[in-house]
1. With angles folded into 0 to 90 degrees, how steeply does helix 82-101 sit against the dominant principal axis of the chain? Use alpha carbons for both and round to 10.
2. As an exercise, use a Förster radius of 41 Å and the Cβ-Cβ distance of THR73 and ALA5 to find the FRET efficiency, rounded to the nearest 0.05.
3. Would you rank ASP33, ASP19, ASP27, ASP69 by solvent-accessible area, highest first, keeping every protein chain in place and using a 1.4 Å probe?
4. Treating only the Cα positions of region 1-81 as identical point scatterers, give the base-10 log of I(q)/I(0) from the Debye formula at each q in 0.12, 0.17, 0.21, 0.23 Å⁻¹.
5. Could you please report the charge total around MET85, scoring K, R as +1 and D, E as -1 over all other residues with beta-carbon less than 14 angstrom from its beta-carbon?
6. Ratio of alpha-carbon Rg to the 2.2 N^0.38 Å globular estimate for region 6-48, to two decimals, please.
7. Under a 10 Å cutoff between Cα atoms, tell me which one of THR24, THR73, THR15 has the largest fluctuation in the Gaussian network model of the chain.
8. Taking the Cα centre of the chain as origin, sum charge times position over the Cβ atoms of Lys and Arg (+1) and Asp and Glu (-1), and report the length of that vector in debye to the nearest 20.
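The values are calculated or read from the model by the stated rules, or taken from the named source; none is laboratory data. Just so you know, these numbers come straight off a predicted model, no measurement behind them. When we count neighbours, we look across all protein chains shown, and the Cβ atoms used for this are built from the backbone with ideal geometry, even at glycine. Please note that ligands, DNA and RNA were not included when accessible areas were found on the heavy atoms of the full protein model with its side chains. Shrake-Rupley method; radii C 1.70, N 1.55, O 1.52, S 1.80 Å.
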Amino acid sequence: METTAVSFKRVINATVHADNSADTGRDMDVSADVNIANGHVDSFFNGRCEKPASDDTPAASASFARQSDGRLTITYNRADNADTMAAMLRAVDAFIAGASAAPMSIGAETV
């Protein structure tokens, strides 16, 4: 069998899991699967926002998605008051803004 040389040029579409674990001053743990299209963040899905409690059980949690047209859907699963909900929304908004502004560098993984 003959080997053919192949060169990968650019990623057209990719889905990458992202989180805010590098932010040591965070109040909420936020993560999502981020869809990247043509080198730009396109949408977010399977998003989670959790406010941890001292016993490692989330004191509040929410799920979210943001479509490519900018529509944001957030569902508060456990949030006891409007202040917590507003803080969670701010954390999700900051996560989306940070991920959208982050430089894109996707390389091949060795498995």
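1. Approximately 20 degrees, to the nearest ten.
2. On the way: r = 45 Å, r/R0 = 1.10.
The value I calculate is 0.35.
3. On the way: ASP33 35, ASP19 80, ASP27 125, ASP69 100 Å².
Per-residue accessible area, sorted high to low, gives ASP27, ASP69, ASP19, ASP33.
4. Relative scattering, expressed as log10 I(q)/I(0), comes to -0.48, -0.77, -1.01, -1.11.
5. Values: positive: LYS51, ARG78, ARG90; negative: ASP27, GLU50, ASP80, ASP83, ASP93.
Summing Lys and Arg as +1 and Asp and Glu as -1 gives -2.
6. Values: Rg = 13.3 Å, N = 43, 2.2 N^0.38 = 9.2 Å.
For region 6-48, the normalised Cα radius of gyration comes out at 1.44.
7. Fluctuation is largest for THR24.
8. On the way: 9 positive and 15 negative charges, 77 e Å.
That gives a dipole near 360 debye.
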